[in-house]
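The structure appears below as structure tokens.
The values are calculated or read from the model by the stated rules, or taken from the named source; none is laboratory data. Computed from a prediction, not measured in an experiment: that's the story for all the values here. Cβ atoms come from the backbone with ideal geometry, glycine included; neighbour counts cover every protein chain shown. Just so you know, the surface numbers come from the protein's heavy atoms only, side chains and all, with ligands and any DNA or RNA stripped out. Shrake-Rupley method; radii C 1.70, N 1.55, O 1.52, S 1.80 Å.
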Amino acid sequence: MNKRASLKSEQELRDQILSIASLGQVAMAMALGVELKLFEAMATVCKASPKHSATVAEVAAQAACKERYIYEWMAAMACGNLIDVDPSGQHFSMRPEHIPVWIGGEGQLPEHSLHVIDFLPGFGGAFNKVKEAFRLDGPPGVPYSAYEDTFYTVMAAWSRTIHDGELCSGYMELIGALELLQKGVNVLEAGCGAGFHIEKMARTFPNSHFTGIDLTQSAINTATTRCEGLPNVKLICGNASHLDKKWTEHFDVVFFIDSCHDMCRPDLAINEVQRVLKPGGLFSMIEWPNGDGNVYEDRKKYGSAVAALFYAASAMHCLPVGSHVEGALQLGNMMGHGRGRKLLEMGGFAKDKIEVLEPPFMPYNCIYTARK
Ligand SMILES: C[S@@+](CC[C@H](N)C(=O)[O-])C[C@H]1O[C@@H](n2cnc3c(N)ncnc32)[C@H](O)[C@@H]1O
């Protein structure tokens, strides 16, 4: 994508549109590669080959896919400059130093943006419903159920690539939760999705007890399978805006991890956080960048590629799901730090106890913390 802040000429605009049209098609083909494990297949063949190259037939056999389709896919990857092809047009290669980017390596996860690409097919499935939600006479938004259940597993896979390294170390230390969790406290995560974070926290902090709640039963089912055998995890399908009446002052720490901006009534959910936290308890939200509330500033701060990615994903998913009931706050994932702070203040957290942090080790997130 054009890295410049704005386009100068008509030709530049035409080039930008062509580039996006091409990259959009390539991105969908890459999602096929992620889902069908074609990058893994190609890496396996290349690693076993003396010339570090692969033919279409070899990759097709390795991936158990049809050769004709694999040719088209490998051609798209080569023309997209993602893999190499020799002058014969028959031998494709993945450079050894690129293999960990595609499939991960020792102590290294695959490039996180591959999971962002993997959201596209699921977003496409809800396209017509999103289109209707845009119209004046259309519905207010789109329910989660309109998106395929794969959303939750893709989200968990992406969360893993961006949070696995620091969630239970740098992040917990930064918000002042590390010692608490090590000692043993009651923790709630609202909007836990397919359970990547709760599983990671429960394994790392066996003295603490974790309750995860999510609106969607299929997400809770996946999280339950993921957390099987962990005695310190309880998972419940429910709405964060209406938590269990018995939980008043029950939790020491409450997390919302990339979930606040997807909630229709985050204001009610934050009121509930106030109720269920013990006095002095800690509330922390990991949020997507959230931005400044001014798109001009956002493009300058995050760069065109990252800012456009978050706004476009918000238009296709976060805004519609966060709008689907009458009276929804319609945050979107670039709601602005000011709006995020205001929500916490309105939820009863003292202004001077709210912090918004942007640690370099979580470049795609911002972090809100507040104490009751
Ligand atoms: C973007 S996903 C994040 C999932 C998970 N925390 C992660 O980071 O991998 C947002 C999640 O919030 C859940 N959610 C949205 N509104 C909710 C509500 N009112 N109560 C509980 N969960 C909610 C959705 O079902 C979804 O799983």
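Is segment 45-164 best put as rounded, prolate or oblate by its Cα gyration tensor, with a ≥ b ≥ c the root eigenvalues, rounded for a/c under 1.5, and otherwise prolate when a/b is larger than b/c, oblate when not? Prolate is the answer for segment 45-164, as a/c is 1.5 or above and a/b outweighs b/c.
Among beta bridges from DSSP that stay inside the chain, the antiparallel ones total about 40%. Averaging over all projection directions, the Cα-based convex hull of the chain occupies 20.9 nm² in the image plane.
Name the helices (complete DSSP H segments) of the chain with a Cα length along the long axis of 30 Å or more and a Kyte-Doolittle mean of at least -0.5, or state none.
10-35
With every protein chain present, what is the per residue accessible area of the chain (1.4 Å probe, Å²)?
49
The residue among V101, A146, A64 whose Cα reaches farthest toward the positive pole of the charge dipole of the chain, with charges on the beta-carbon of Lys, Arg, Asp and Glu, is A146. Across D214, D149, D352, D164, the residue with the most accessible area heads the list, and the full order at a 1.4 Å probe is D352, D149, D164, D214. Heavy-atom surface analysis with a 1.4 Å probe gives the chain a carbon and sulfur content of 55 percent of its accessible area.
Placing E179, E189 in order of accessible area, with the largest value first and a 1.4 Å probe, yields E179, E189. From the cross-link list K246/K351; K183/K234; K300/K351; K183/K278, which pairs have alpha carbons spaced over 24 Å apart? As for pairs spanning more than 24 Å Cα to Cα, those are K246/K351; K300/K351. The GluC sites (Glu not before Pro) found in segment 296-363 that occupy coil by DSSP, while having at most 13 further C-beta atoms within 10 Å, are E326.
Which shape class, rounded, prolate or oblate, goes with segment 264-372 when its Cα gyration tensor gives a ≥ b ≥ c as root eigenvalues, a/c under 1.5 marks rounded, and past that a/b bigger than b/c marks prolate?
oblate
Put a dot 7 Å past the Cα of F134, heading toward its Cβ, do the same for V85, and the two dots end up 3.3 nm apart.
Spatially, segment 246-299 and segment 172-216 are offset by 14 Å when compared through their Cα centroids. Principal axis extents of the C-alpha atoms in segment 10-104 (largest first, rounded to whole Å): 48, 28, 24. Considering only H112, H317, H98, the mean-square fluctuation computed in a Gaussian network model of the chain, springs between alpha carbons under 10 angstrom, is largest for H98. Shape summary of segment 261-310, radius of gyration then Dmax from alpha carbon positions: 15.1, 42 Å.
A straight Cα-to-Cα reach below 24 Å connects K131 with none of the lysines, residues fewer than 8 places away in its own chain not being considered.
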